[in-house]
Amino acid sequence: MKQYSESCTQNQKSILSIIQPLLANVGSVLEIGSGTGQHAVYFAEHMPHLSWQASDQSQYLPSINAWIDAANLDKLPIAIELDVTQPWSGVKVESIFSANTVHIMSWEMVIDFFDEVGRNLDTGGLFILYGPFNYKGQYTSQSNANFDLWLKNRDPSSAIRDFEALNQLAQKAGLSLVSDYTMPANNRILYWVKQ
């Protein structure tokens with residue numbers, strides 16, 4: 001039942017190098033859009049102090065939970081169903097991590113996502129978002145332009161999102177941008193803190 005993504009394997013080490021120091025003093029993380037489940041297992045293995053809660057839409061849970069079951073880690077519970085367009089549990093969380101999600105979502109879903117991040121994060125909580133982003137409406141590389149075309153051909157509502165538009169949503173949700181990290185393969189990590 002395990003699904004496998006080559007890109008997860010390729011990017012997990014570089015993501016870990018950035019998020020490990022950011023999450024050093026945090027006790028728990030809610031991952032939004034855990035996909036195959038590979039990231040949840042890898043990051044939970046390498047940051048054993050964290051309780052890592054994976055989540056995704058119901059159709060992705062079998063793969064995520066197959067990875068989690070095989071890993072058998074103390075602080076990696078089974079994944080929970082979470083739809084970003086619906087209100088979350090209302091339980092405050094210390095930090096939220098999401099990788100390669102906002103370009104898959106429709107813009108309306110992205111708006112709902114940021115609203116719920118702001119509603120559910122504790123004051124001082126972290127929101128870490130990984131993926132490709134445009135700046136001032138421009139692609140950062142030809143490969144991202146090609147990827148965006150592929151996304152839109154697959155689903156016209158998906159697209160690489162503009163950093164400025166995302167940061168505006170973050171500010172509206174009570175989040176302040178702390179850092180914007182350059183990552184391999186024309187990706188970025190955006191790091192906000194809830195005020």
Farthest positive-ward along segment 6-194 dipole, Cα basis, beta-carbon charges - from PHE114, ASN72, LEU190: LEU190
As an exercise, use a Förster radius of 25 Å and the Cβ-Cβ distance of TYR135 and ASP74 to find the FRET efficiency, rounded to the nearest 0.05. 0.05
With charges set only on the Cβ (+1 for Lys and Arg, -1 for Asp and Glu), what does the dipole of the chain come to about its Cα centre, in debye to the nearest 20? 360
Subtracting the Cα-Cα distance from 0.36 nm times the residue separation, let me have the gained length for GLU108 to ASN25 in nm, one decimal. 26.6 nm
Taking amide H positions as placed 1.01 Å from N in the peptide plane, with prolines and chain starts having none, which residues 5 or more places from PHE133, or on another chain, fall under 5 Å of its amide H? ARG188
Report the Rg/Rh value for the chain, based on alpha-carbon coordinates and the Kirkwood definition of Rh. 0.93
Dividing the alpha-carbon Rg of segment 101-195 by 2.2 N^0.38 Å yields what? 1.07
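Where a number appears in this text, it was derived from the coordinates with a stated rule and is not lab data. Fair warning: this is a prediction, and the values are worked out from it, not measured in the lab. Neighbour counts run over all protein chains shown; Cβ positions are idealised from the backbone, glycine included.
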